[in-house]
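Worksheet: the structure to be examined is printed underneath.
Each reported figure results from applying straightforward, stated rules to the coordinates on display, with no laboratory input. Keep in mind that this is a model prediction, so the values were computed, not measured. In this analysis, Cβ positions are derived from the backbone assuming ideal geometry, glycine residues included, and neighbour counts consider all displayed protein chains.
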Amino acid sequence: EAEQCDYRERIKRLLKEKNAVLVAHYYTDPVIQALAEETNGCVSDSLEMARFGRDAKEQTLIVAGVKFMGETAKILSPEKTVLMPTLEATCSLDLGCPIDRFSAFCDAHPEHTVVVYANTSAAVKARADWVVTSSIALEIVEHLDSQGKKILWGPDRHLGAYIEKQTGAEMLMWQGACIVHDEFKARALQALKQQYPDAAILVHPESPANIVAMADAVGSTSQLIKAAQTLPNKRLIVATDKGIFYKMQQAAPGKIFLEAPTGGNGATCRSCAHCPWMAMNGLQAIEQALTDSNGHEIFVDEGTRVKAMLPLNRMLDFAA
Ligand code: CIZ
Ligand code: SF4
C-alpha cells in the first residue's frame, strides 16, 4: 500500500515533467484507472482511447492496455511519442490473425469489403477498408450492408456472429476468438441466474452465442457500463473482463455485481475473467516507461501507418 503510494506520486511527477498523459483501458488494474482519472488522463474503451490520444495536447501518451491500442494511438498521432508499460501485452485476436494469412484470405475474395475489429495489428488494419470497435461495429456493418456491400469480417468470430444475427448481413468470417470471453460458460451462468433470478445479465459480444443469448444487455464495455446504470435490477451478472467493475461500481453505486462464471464450474472458478495481457500493466512498468522509454516506445512503419490511418479515420468520421 505504501509502496503503491510512492509509485503513484512518482508517476504523477513524471507525467508533468515529461508532458505526458495516461490513457487506460477499462480492463486494466483499478489502481491504474484511478491514477488516470486523478491525472486528467482517460479511462475508456478502445474507440474513446483512440480519440482521446489523438486530441490530447500532451506530447507523450502512456497507453495502458494492449499493443493494438498503442499502435492505434501512434497511427493517429505520428508526431507524438507513444509509450506502453510493456510491449509484450498483446491480444489473442491480434495473435490469431497474422497479416500474411489474413491478406491471402482477403486476396481470395477481392469483391468483398474488408472490415476488421480494432483488436488487430497495424498491418492488418492497413489491409482493411474499415476498422470498427465493438461500440460501433453494428452501425457500420448495417451501413455497409444497406449499400449492398459484401463483407469480409475478422478476426473475432463471436462478435461477427452477433453482428450477423443483429443486422441480417452475411459475412465471410475469420475464425478468431478472445481467450477471456471465450471462456464464459452457459450452464454455469444458468445456475448462477437460478440462484439470483432477479439479476440482469450483461454480456460483451466477444462471448459465445449461448452466453449472448442469455443476456439482458449486449454491448461494448462503455455500453455495458451504461446498461449497469440504467437497468432497474439491483443485482447484475457481468460477462466481460473483471477490470470493468471499477467503472461500473462508480457509475452504479449501490448495485451488486457478480462475475459471470468461466471454465464450466461457477463454484470453483468465479474470478478467471481477466485478460493476462491487460494484467501486465502495472505501476512499476508505467514508472519505468516514463523514466527510460527504451523498450517501451511504439513504432509503426510509415507506409503501414498511412494505409492503416484511412480505415481508422473512416470509423472515427462515421462515429463523429
Ligand atoms: O476486449 C477488448 O479488448 C475490448 C473490449 C476492447 C475495446 O474495444 O475496448
Ligand atoms: Fe484481446 Fe480478449 Fe484481452 Fe481484449 S480481453 S485484449 S480481446 S485477449
Grab the other residues whose beta carbon is less than 13 angstrom from that of PRO85, score K and R as +1, D and E as -1, and report the net. -4
Return the FRET efficiency for the residue pair ARG187, GLU88: r is the Cβ-Cβ distance, R0 is 30 Å, and the value is rounded to the nearest 0.05. 0.30
If exposed GluC sites (Glu not before Pro) are those in a DSSP loop with at most 15 other Cβ within 10 Å, what is the longest stretch of the chain that has none? 171-320
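Which FRET efficiency, nearest 0.05, do PHE318 and ALA2 yield, Cβ-Cβ r, R0 45 Å?
The computed FRET efficiency comes out at 0.40.
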Largest-first semi-axes in Å of the equivalent ellipsoid built from the Cα gyration tensor of the range 1-102 are 24, 16, 11
What FRET efficiency would be calculated for the residue pair ILE179, ASP216, taking the C-beta separation as r and a Förster radius of 25 Å, to the nearest 0.05? 0.50
Okay, which of the range 271-289 sit inside 15 Å, backbone N to the point 7 Å along the Cα-Cβ direction of VAL31? 279-289
Net charge contributed by nearby residues that have their C-beta within less than 11 Å of ILE163 (K/R +1, D/E -1): -4
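Would you kindly state how much longer the chain becomes between THR230 and ASN40 on full extension, computed as 0.36 nm times their sequence separation minus their alpha carbon distance, in nm to one decimal?
So the chain would gain 65.8 nm between THR230 and ASN40.
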Given the peptides 49-55, 62-68, arrange them by the average over their residues of other C-beta atoms within 10 Å, most packed first. 62-68, 49-55
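Which value in deg cm²/dmol, rounded to the nearest 500, describes the helix-derived mean residue ellipticity at 222 nm for the chain, given -39,500 (n - 2.57) per DSSP H run of n ≥ 4 and division by the residue count? Walk me through the numbers on the way to the answer.
Working: 15 runs with 142 residues, N = 320.
That calculation yields -13000 deg cm²/dmol at 222 nm.
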For the range 282-302 and the range 64-108, what is the separation of their C-alpha centers, rounded to whole Å? 15 Å
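Can you tell me how much longer the chain between GLU111 and ARG10 gets when fully stretched, taken as 0.36 nm per residue apart minus their C-alpha distance, in nm with one decimal?
31.0 nm
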For ASP301 and GLN194 in the same chain, what is the full-extension length gain: residue separation times 0.36 nm, less their Cα-Cα distance, in nm? 33.3 nm
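Excluding ALA239 itself, what net charge comes from residues whose Cβ is under 12 Å from its Cβ, given Lys and Arg +1 and Asp and Glu -1? Please list the in-between numbers first.
On the way: positive: LYS185, LYS193, LYS242; negative: ASP182, GLU183, GLU206, ASP216, ASP241, GLU259.
So the surrounding residues net to -3.
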Could you tell me the convex hull volume per residue, in Å³, taken over the Cα atoms of the range 54-162? 116 Å³
Where does the chain land on Rg(C-alpha)/(2.2 N^0.38 Å)? 0.98
Among the lysines, which have Cα under 19 Å from the Cα of LYS185 when same-chain residues fewer than 8 positions away are ignored? LYS193, LYS242
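Cut-off is 10 Å between beta-carbons; in what order do THR167, THR230 appear when sorted fewest neighbours first?
Sorted ascending by nearby Cβ count, the order is THR230, THR167.
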